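Have a look at the structure below before the remarks.
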Amino acid sequence: MIPVCDLLPQYLALKTEIDAAMQAVAKAGHFILGPNVKALEAEVAAYCGCAYAVGVNSGTDALHLALRALRVGPGDEVITTPFTFIATTEAIGMVGATPVFVDIDPDTFNMDPARLEAAITRHTKAILPVHLYGQPCAMDEILAVAHAHGLYVVEDCAQAMGSSYHGRKVGTLSDVGCLSFFPSKNLGCYGDGGMLITDNPEVAERAEMLRRHGGKVKYHHSELGLNSRLDELQAAILRVKLPHLDTWLAARRAHAYRYNALLAAAGIATPRERLGEHVIRPTAALNFPLDRLYATYHQYTVCVAERDRVQRELAAAGVGTMVYYPVPLHRQAVHAGLGHAPGDFPAAEAAAASCLSLPIFPELQFAQQERVVEALTATVAGLKAA
């Protein structure tokens, strides 16, 4: 079976360094908020090009604490996308705010900024765009709306660490960016982990306090916080991996280009990237203007008819796939109280019914990609002929 993501080759390539880093932590006996966490925070801030980074125990907590640090709370509304993982709205709910959805741009699967103005009310406090699949959102348009209405912007970069927009890393374009270090992410640890990045010293200080029970000094607590501290062991692993991140991202992009060329030859629509007003399907031959936009392809996602049947037949052919995400958030039971009905966000619903993510990870081999494309094209052709 060709897996959607295979983490073993990455570990084996760095085994000596990773094992040594873990043993060093064990020998030092400092496991919570130790020197590796502090060093990683500085290294991630330098990599992303921002002033502050605060390590927490998951990408979900990064979103939660970012909203709390900005004092988003009960009675507030946060505009976001219905086509993402539940953690996005989970964080909104955990601070007592209400998610307000806008539909996606079907070309990029990201929030459609043209729909933002209509969603703003007197209760709107923030906009929470998600750089889904590693594809940067249309941040110029989103930020213009936010600035016009005095709204905060929090970027969900869980799938997009290393992606760039106009030459800047995602997460640094707004008030706060939120990273996930879940094992399968662009930069993953061996458990849960996350981080906030920001240029705002007050936001960084408040997030740092909230992550350790709401106190600046041990046993003295100014407000109710939570226990959300990045483990020293995970930080040590991430420090070994971080210098390799750009190489891995370049490999992901090369795989995406190769998929584009192979699938285009078979007549299957490939993912698109937005360059200003233009939407393109890049190939390896394209001299891509990296000063404009750089997607990292955390997932390589196509849309196909009879998606569930295609997925079953690919599995039978030895090709692993994943569906991110089969039920849009406005149709989740947890959000039934928002009163949405089928058809409210048609682009998100269409994506949820047809999207299929193919195997992609830095160590993916060309022969594996050929097998994936052969199986997919044969399956799609067979369904058309039936």
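The values are calculated or read from the model by the stated rules, or taken from the named source; none is laboratory data. No experiment lies behind these values; they were computed from the predicted model shown. Quick reminder, even Gly has a Cβ in these numbers, built from the backbone with ideal geometry, and neighbours come from all protein chains shown.
So here's what we get for this one:
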read-out: Checking residue 24 against (1) in a helix (DSSP H, G or I); (2) under 19 Å from residue 193 (Cα atoms), the condition it does not meet; value: (2)
read-out: Any chance residue 376 is surrounded by 17 or more Cβ atoms within 10 Å (Cβ to Cβ) and either touching a residue at least 60 places away in the same chain (Cβ under 8 Å) or touching a Ser or Thr at 6+ places or on another chain (Cβ under 9 Å) (or both); value: yes
read-out: Sole exception among (1) crowded, with 21+ Cβ neighbours inside 10 Å; (2) under 25 Å from residue 115 (Cβ atoms) for residue 349, by number; value: (1)
read-out: Residue that is modelled with pLDDT of 90 or more, surrounded by 14 or more Cβ atoms within 10 Å (Cβ to Cβ) and not assigned by TED's automatic domain parsing to the domain that holds residue 60, where the choices are 226, 233, 249; value: 249
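For every residue, the table says whether it meets (1) more than 17 Å from the chain's Cα centre (by Cα); (2) surrounded by 19 or more Cβ atoms within 10 Å (Cβ to Cβ); (3) at pLDDT below 95.
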residue: 292; (1), (2), (3): yes, no, yes
residue: 322; (1), (2), (3): no, no, no
residue: 332; (1), (2), (3): yes, no, no
residue: 340; (1), (2), (3): yes, no, no
residue: 356; (1), (2), (3): no, yes, no
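Residue by residue, here is whether (1) within 24 Å of residue 204 (Cα to Cα); (2) of a type in the set (A, V, I, L, M, F, W, C) holds:
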| residue | (1), (2) |
| --- | --- |
| 16 | no, no |
| 45 | yes, yes |
| 57 | yes, no |
| 60 | yes, no |
| 68 | yes, no |
| 79 | yes, yes |
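Rundown of residues vs (1) of a type in the set (Ser, Thr, Tyr); (2) at pLDDT below 95; (3) touching a Leu at 6+ places or on another chain (Cβ under 6 Å); (4) surrounded by 13 or more Cβ atoms within 10 Å (Cβ to Cβ), yes/no style:
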{"position": "1", "(1), (2), (3), (4)": "no, no, no, no"}
{"position": "5", "(1), (2), (3), (4)": "no, no, no, yes"}
{"position": "12", "(1), (2), (3), (4)": "no, no, no, no"}
{"position": "23", "(1), (2), (3), (4)": "no, no, no, no"}
{"position": "32", "(1), (2), (3), (4)": "no, yes, no, no"}
{"position": "38", "(1), (2), (3), (4)": "no, no, no, yes"}
{"position": "41", "(1), (2), (3), (4)": "no, no, no, yes"}
{"position": "45", "(1), (2), (3), (4)": "no, no, no, yes"}
{"position": "49", "(1), (2), (3), (4)": "no, no, no, yes"}
